[in-house]
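**Student:** My questions will all concern the structure given below.
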Amino acid sequence: MVVSFDLFGTLVTVERPDDPAEAVAHELRERGVTIPDDWARAYREPQVAVDPGRETPLSEHVSAALESRDVDADDATVRAAVLAAFDRPVATREGAEAAVDAAARHGTVGVLSNCSVTGLVERALDQSTIDPERFDAVVASVDSGWRKPDPRAFEAVAGALDAPVERLVHVGDDPATDGAASEAGATPLLLSDVPLRDFPAELEAIRSR
């Protein structure tokens, strides 16, 4: 059996910054970058053309926003600032460890996360209480280039787990994104239908079908 888990809202919870633009600006200032007077507006403006289903790193958007105001900042500095802005305390959700352990006992396990911040998925997993060795693959949209609900996101994690997407069971909390696994040929399990605490039993039921 091949199982992938959504990360944020499914395995862990993380509070987003109240004001992402200001959080990014603060971290840029800490690294010596001049912030334009109308930064909030520049941050809100579309900066990079994105095709449907594609993911663009937030750091690229931030770099383009700075450039639109004639501010130069090297890519590494921007990436570090963006990661720091969104690097918040992580809480592992009740039942997450048992759910991942159950999946790992029966096959390969991965993470499939919509996240535009380079390195944030790995950072969140490191801060959680889930053993990272349980995961055979970690696929973030910022790395694969595809966001759920696009079928290619599910195909990406199935490929990373060396399995056809039709064998994939995807667990998540969002019907609009995680529920779209069915459109790729995978089997979605939504937390609204199967809470994490019930996942081990549900997995056994799926295996016996």
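Please treat every number below as a calculation from the coordinates, not as lab data. Just so you know, these numbers come straight off a predicted model, no measurement behind them. Counting neighbours? That spans all protein chains shown, and the Cβs are built from the backbone with ideal geometry, glycine included.
**Student:** Of everything in the range 94-110 that's among the small types (Gly, Ala, Ser) and over 19 Å from Phe154 (Cα atoms), which residue is nearest to the chain's Cα centre (by Cα)?
**Tutor:** Here the residue is Ala96.
**Student:** Under the condition of being farther than 16 Å from Gly53 by Cα and assigned to a loop (DSSP other than H, G, I, E, B), which residue from the range 175-188 is farthest from the chain's Cα centre (by Cα)?
**Tutor:** Filtering first and then ranking leaves Gly185.
**Student:** Which members of the range 170-185 meet the condition of being touching a Ser or Thr at 6+ places or on another chain (Cβ under 8 Å) and surrounded by fewer than 23 Cβ atoms within 10 Å (Cβ to Cβ)?
**Tutor:** Across the range 170-185, the qualifying residues are Asp173, Pro175.
**Student:** Then there's this: Within the range 92-110, identify whether any single residue is within 30 Å of Pro188 (Cα to Cα), free of Cβ contacts under 8 Å to residues at least 40 places away in the same chain and not charged (D, E, K, R), and answer yes or no.
**Tutor:** So far as the range 92-110 goes, yes, one or more of its residues are within 30 Å of Pro188 (Cα to Cα), free of Cβ contacts under 8 Å to residues at least 40 places away in the same chain and not charged (D, E, K, R).
**Student:** Among the residues of the range 70-99, write down those that are crowded, with 17+ Cβ neighbours inside 10 Å, within 29 Å of Val171 (Cβ to Cβ) and of a type in the set (A, V, I, L, M).
**Tutor:** Val82, Leu83, Ala85, Val90, Ala96, Ala99
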